[in-house]
1. To test your reading of the geometry: what angle, between 0 and 90 degrees and rounded to tens, separates the Cα axis of helix B:141-162 from the longest principal axis of chain B?
2. Apply the a/c threshold of 1.5 to the C-alpha gyration tensor of the range B:167-219 and tell me whether it is rounded, prolate or oblate.
3. Summing both sides, how much accessible area is buried between B and A? Use a 1.4 Å probe and give Å² to the nearest 100.
4. Using a 1.4 angstrom probe on the protein heavy atoms only, could you order B:Val19, B:Val60 from most to least accessible area?
5. In a Debye calculation with equal point scatterers on the alpha-carbon sites of the range B:1-47 and no solvent, what is log10 I(q)/I(0) at q = 0.14, 0.22, 0.33 Å⁻¹?
6. Share of the range A:54-144's accessible area from carbon and sulfur, percent, 1.4 Å?
7. May I ask you to give the solvent-accessible area per residue for chain B, in square angstrom, as obtained with a 1.4 angstrom probe?
8. Give the accessible area for A:Tyr13 in Å² (nearest 10); use a 1.4 Å probe, count only protein heavy atoms, and leave out ligands, DNA and RNA.
Amino acid sequence: MSLIEVAKLKKAYGDIDVLKQISFGVNKNDVVAMIGPSGSGKSTLLRSLVHLENIDGGSISIAGDYLVNEGIYAKPPEIKKITAKMGMVFQHFNLFPHLTVKENLEIAPKMVKKELSMVLEKRSRELLAKVGLENRASAYPAKLSGGQKQRVAIARALMMEPEILLFDEPTSALDPELTGEVLQVMKDLAEEQMTMIVVTHEMGFAKEVANKVVFMDKGEILETGKPNELFDHPKNERTKLFLQRVN
Amino acid sequence: MSIDYMNTILRPMLEGAQVTILLFFIVIVFSIPLGFLLTLAVRSSIKPLAWIAQAYIFVVRGTPLLLQLLVICFGLPMLPGIGEFLVLPRFMAACIGFVLNYAAYFAEIFRGGLLAIDKGQYEAAQVLGMNKWQSFSRIILPQMFRVALPAVSNESITLVKDTSLLYAVAVPELLHFAQTAVNRDFSIVPYFFAGLIYLIITFILTIVLKKLEKRMKFE
């Protein structure tokens, strides 16, 4: 059974349809790369999964529960429960600048799940070690490089123990030489069977790490396939054109 | 100029300075929270509340503090019928005037602070499962205060000097005693000392605020 099931999703800003009847599914342990030109609706689609965007029609179900069913949203407590299964990593990190790295990691599980400090300290230490930043626990975000910030943001999302991790262009705001360290952390997560959806312009990452690639353009999914199929033998004309341009 | 003379003019002026400082603290303690509540009211989704708060800020910022003090101290007691119940001890009336006035300025400062916070901060808090109150109190508020601090500092320096408006409603404070001495001795020296005392107060305040700003730099 799919972990995420999206059916006929619609969203418009005024007269502009940003999502036109989008349908797709994500299985457990999938690593899905969403590619496509800017303004194709990839980020909007990702953001509607965690209810950062309200959609105008269609359905989203997460692990069997409807976040929105044929345009009708679940009740707020229900929404909270469903979206809690997902963590999100943003293009611009969105770390809390007034909190140290350790506090950034621990604040949400402490406030939302009321977990004990002892438990949280252990977990934050482990996760910081996992992203290679165990020695920066007491630093403020302002003192970190972009790559370090994004690794902290990934650790922060993992602190809530999500079943699915969403990445919205996680390396687009980074200097080229810093993307590698972030992609490596994501690769490690993929190897640990984390279910991930990654909106990205990193074709190398999509080829190497994803097991499914989704190509979007102008609010539609034009092609879905295994990386080698989609990259080496694209069927759709617009996919071909896009891949020519980015390569 | 003898030590004795300095003593006779400085002693009452320092007593007056106590009133100045007392007013300063009362206004800071009450107008900052009140200003913050006004900010919330302006941003409230309850429209009438937002309108009232906006109108309040418009009127208070658009008229002189001196006029407001005169109205509260001398005008309100003249109102037919209820006036006699509005006669307050002069210092208390002045405090109320200052608090009501400064709250409007602080409200605008805090509003600016909130506007400066990136919407990604709200989104990150939401995605991490925090509710509105948790994200506001733990994520947004501390950042708002940090952004607002330089403007709050500036406003509190202005407040130190504005306390001299007490002179106009006949509450004896620093400037009042300086003026008394000037009139009595026909000398410019008391003015000079008054200026010096204001400078010392603002100097200490500046140092304290700089320390606070440094601590809230989060680096």
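The values are calculated or read from the model by the stated rules, or taken from the named source; none is laboratory data. Nothing here was measured: the structure is a model prediction, and the numbers come from that model. Methodologically, a virtual Cβ is constructed for each residue, glycine included, from the backbone with ideal geometry; neighbour enumeration extends over all protein chains shown. Side chains included, ligands, DNA and RNA excluded: accessible areas come from the protein's heavy atoms. Shrake-Rupley method; radii C 1.70, N 1.55, O 1.52, S 1.80 Å.
1. The two axes meet at around 20 degrees.
2. Values: a/c = 7.24, a/b = 2.80, b/c = 2.59.
Prolate shape, in that a/c is at least 1.5 and a/b is the bigger ratio.
3. Working: alone 13120 and 12080 Å², together 23180 Å².
The B and A chains share an interface burying roughly 2000 Å².
4. Working: B:Val19 40, B:Val60 15 Å².
Ranking B:Val19, B:Val60 by accessible area, largest first, yields B:Val19, B:Val60.
5. Each listed q corresponds, in turn, to -0.55, -0.78, -1.02.
6. Taking all protein chains in place, the range A:54-144 shows 55 percent carbon and sulfur surface.
7. Numbers: 12090 Å² over 219 residues.
Here the residues of chain B average 55 Å² of exposed surface.
8. Accessible surface of A:Tyr13 is approximately 110 Å².
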